[in-house]
Amino acid sequence: MDDYIPADPLQAELGQLLFYDKILSGNQNISCGTCHHHDHAGTDGLSLGIGEGGVGVGPERTAGTGADRIRKRIPRNAPALWNLGHKDIRVLFHDGRLTHSDEYGNGFDSPAEEWLPPGLDNLVAAQALFPLTAQFEMAGNPGENEVTGAVHERIDYGWPIIAKRVRVIPEYGAMFVAAFDHIDSAEQVTIVEIGNALGAFITTEWRSFDSPYDIALASGAPLPANAQRGQDLFFESARCAACHAGPLFTDQDFHALGLPAFGPGRTRRFDPIPRDVGRMGETDLLEDAYKFRTPSLRNVALTGPYGHNGAYATLAEMIRHHADPVAARAVWTGDLAQLPEVPWIAAVDFAIHADSREMARQANAIEMRPIRLSDQDVDDLVAFLNALTGVTAEERPLGRPNKVPSGLPVD
């Protein structure tokens, strides 16, 4: 347990309620837990999420109806939350746009730059605040509510509105006073305490370090034969450990895998097409084009689809792509993506494929060298990745609450 940043249990219990409370969203119709649900191991089971305006949870979530329906898909796959409280974690988001830094005087280099308030305990607490400001994730569309209106003026203007919504609820007010030593009355609660409570919950709720691999490593006993063969491949000839290294199986670096492109893209203001340039969108360095953060492989068997955009539904498909990205791109078809039908935005889903120059740029950026893997090799690697699933992964300390203090429905 020394490998994890400490968290106050009362703050974690408060964070659990906030995590599933839709009061944090602009239109009060979506929570953090909607897209990072316990029923789906902290993810949503979709390639690209259905955010603000959608209805339901997981692969059965629909895109809504009427004026409330979604206007576009979430551009990237909902990342897993496992072990984000580990002390080795130093960068978050698929493009790494949140890190520790003294550049802005608040402890972080983040999308909010100098407007991120000081006092946030860790990276996870800081990260938890950004979906609240994102139009298609939780904030809502312009003209729909005061939060999104404020955010469109400046990113930090929406946070005080959300904080006031929370602290005027008596149950929440009392819980903040009990959980934070410096809070004597509900009126003192700010977005910082909300972020820290969410961080305390996430960093304690999603710890996992008791997989068959861990047990075998501690005891010296081998894994089952197929998983053992997969482990040998993983650390040797298949070269997986070159990037998936360390206790979390990630180098936390950025690599261009050439995953098939689709969806609205995480576009910049000057992008004329629905593309996602990955790390370059944060650094503006050409050498970072189409690179994405290496994910941790802890409990990876529970958290598909895979890749920054969820291009592959199964581990076997993802492994085959790693083995030969060019060949995999050539045979990939849109039905491999887990995308609920949304007819009014369907024209955008695969529009990027019509831009031959963009497709060529993405292909030319691939840095993976092909390797030969037999079908048996792939099966063995899958067996090893399944051996990274915690024995107690589905037994979380707090779980999903049945109700929240706002009285809003819990997904």
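The values are calculated or read from the model by the stated rules, or taken from the named source; none is laboratory data. Predicted model only: the values in this text are computed from it and were never measured. Virtual Cβ from ideal backbone geometry, glycine too; neighbours counted across all protein chains shown.
Of all residues in the stretch 211-226, which are more than 17 Å from residue 301 (Cα to Cα), in a helix (DSSP H, G or I) and not β-branched (Val, Ile, Thr)?
216, 217, 218, 219, 225
Which one of 44, 88, 109, 68 is acidic (Asp, Glu) and touching a Cys at 6+ places or on another chain (Cβ under 7 Å)? Spell out how you get there, then give the answer.
Values: 88 fails: touching a Cys at 6+ places or on another chain (Cβ under 7 Å); 109 fails: touching a Cys at 6+ places or on another chain (Cβ under 7 Å); 68 fails: touching a Cys at 6+ places or on another chain (Cβ under 7 Å).
Every option except 44 fails the conditions.
Checking the conditions here, which among 297, 233 is over 29 Å from residue 85 (Cβ atoms) and in contact (Cβ under 8 Å) with a residue 24 or more places away in the chain? Break it down into steps so the answer makes sense when it comes.
On the way: 297 fails: over 29 Å from residue 85 (Cβ atoms).
Result of the check over 297, 233: 233.
If the requirement is being of a type outside the set (Ser, Thr, Tyr) and at positive phi, which of these qualifies: 173, 195, 220? Walk me through it before giving the result.
On the way: 173 fails: at positive phi; 195 fails: at positive phi.
Residue meeting the stated conditions: 220.
List pairs: first in the stretch 371-387 and under 21 Å from residue 257 (Cβ atoms), second assigned to a helix (DSSP H, G or I) and aromatic (Phe, Trp, Tyr), Cβ under 7 Å, 6+ apart or cross-chain?
381/234; 384/234
Check 24, 18, 14, 10 and return the single one that is within 21 Å of residue 174 (Cα to Cα), surrounded by fewer than 20 Cβ atoms within 10 Å (Cβ to Cβ) and in contact (Cβ under 8 Å) with a residue 40 or more places away in the chain. Walk me through how you get there before you give the answer.
Values: 24 fails: surrounded by fewer than 20 Cβ atoms within 10 Å (Cβ to Cβ); 18 fails: surrounded by fewer than 20 Cβ atoms within 10 Å (Cβ to Cβ); 14 fails: surrounded by fewer than 20 Cβ atoms within 10 Å (Cβ to Cβ).
Of the residues listed, the single one that is within 21 Å of residue 174 (Cα to Cα), surrounded by fewer than 20 Cβ atoms within 10 Å (Cβ to Cβ) and in contact (Cβ under 8 Å) with a residue 40 or more places away in the chain is 10.
Read through the list (1) over 20 Å from residue 2 (Cβ atoms); (2) surrounded by fewer than 21 Cβ atoms within 10 Å (Cβ to Cβ); (3) at pLDDT 95 or above, then give the number of the only condition that residue 254 fails.
Residue 254 satisfies every listed condition except (2).
Taking the conditions exactly as written (over 25 Å from residue 57 (Cα atoms) and free of Cβ contacts under 8 Å to residues at least 60 places away in the same chain), does residue 142 satisfy them or not? Steps first, please.
Numbers: over 25 Å from residue 57 (Cα atoms): no; free of Cβ contacts under 8 Å to residues at least 60 places away in the same chain: yes.
The answer is no for residue 142.
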